[in-house]
1. Over the range 3-219, what is the percentage of antiparallel beta bridges among all DSSP beta bridges, to the nearest 5?
2. Could you list 13, 163, 104 in order of exposure, starting from the residue whose Cβ has the fewest other Cβ atoms within 10 Å?
3. Which option, [x] 18.3; [y] 21.8; [z] 17.2, is the value of Kirkwood radius over Cα pairs in Å that was calculated from these coordinates?
4. Report, for the range 126-223, the % of DSSP beta bridges that are antiparallel, rounded to 5.
5. Once you keep just the Cα pairs under 8 angstrom separated by 6 or more residues, what percentage relative contact order results for the chain?
6. Which listed residue (100, 198, 10) has the Cα farthest towards the positive end of the charge dipole for the range 3-219, taking +1 on Lys and Arg C-beta and -1 on Asp and Glu C-beta about the Cα centre?
7. Within 10 Å of each residue's Cβ, count the other Cβ atoms and sort 219, 102, 113 from fewest upward.
8. In deg cm²/dmol and to the nearest 500, what is the mean residue ellipticity at 222 nm of the chain if only DSSP H runs of at least 4 residues count, each as -39500 (n - 2.57), divided by the residue total?
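The numbers here are math on the coordinates, done by the rules we state, and not lab data. Small disclaimer: the values here were computed from a predicted structure and weren't measured. Quick reminder, even Gly has a Cβ in these numbers, built from the backbone with ideal geometry, and neighbours come from all protein chains shown.
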Amino acid sequence: MPKLTYLGHAAFLLEGAGTALVIDPFLTGNPNAAKKPEDVKVDWIVLTHGHGDHLGDALEIAKANNATIIAPFELATYCGNKGVNAHPMHIGGSHEFPFGRVKLTIAHHGSAVVDGEQIIYTGNPCGVLITMEDKTFYHPGDTGLFYDMKLIGKMNPIDLAVLPIGDNFTMGIDDAVKATELLNPKKVVPMHYDTFDIIKADPEEFVRRVQEKGFEAQVLEYGGSLEF
């Protein structure tokens, strides 16, 4: 049974099938980070886009663990040029890894590394479906609401989804509730809130409102885990 641990913001540790992977490991500079980069022991790193609060400590973690970064082609190329192992993918594509299947989905957002005054564009942002031990986990990355979430959930029955609720850069609570209805997951967990003042939101309100719609939902504390 896979185990998911919330590391804060949009970062999650996923363990199962004899391996461990981390998604969007923004830890340094994250006031709610549940781990330090040097404490993250993984074989794989999944990146949804190139913004600093998602790329985060990925390069450092990859080098320390000899881990492979899985990301959209342009972002994977950027990481590979920094001297780490990278597996490029793109939206709509899937690949069977030793731990299970990864498929990239659309996300309505941006993707760039900001280096001083230079902006290095890193292709399209994405969401990710990870199927491990016959369970499917959906991390949409940073995104606005889009109706194709209904198709994603219909074609890929989702056991556990995490959804951004912080508004301003992503969906707010209203849109995240509608996203839950479209995706129809067995369980949903809120993310991407409270890291900065501009994305403050009440995760308990989100949970209450999706429960009123008949869905199972849970707030994961920073460092908290659940099996699914």
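1. Numbers: 28 of 47 bridges.
Just about 60 percent of them are antiparallel.
2. Values: 13 21, 163 28, 104 25.
In order of increasing Cβ crowding within 10 Å: 13, 104, 163.
3. [z]
4. 40
5. Values: 581 pairs, mean separation 40.8, N = 228.
Taking the mean separation of contacting Cα pairs over the length of the chain, I get 18 percent.
6. 100
7. Least crowded to most crowded, the residues run 219, 113, 102.
8. -6000 deg cm²/dmol, from helical runs alone.
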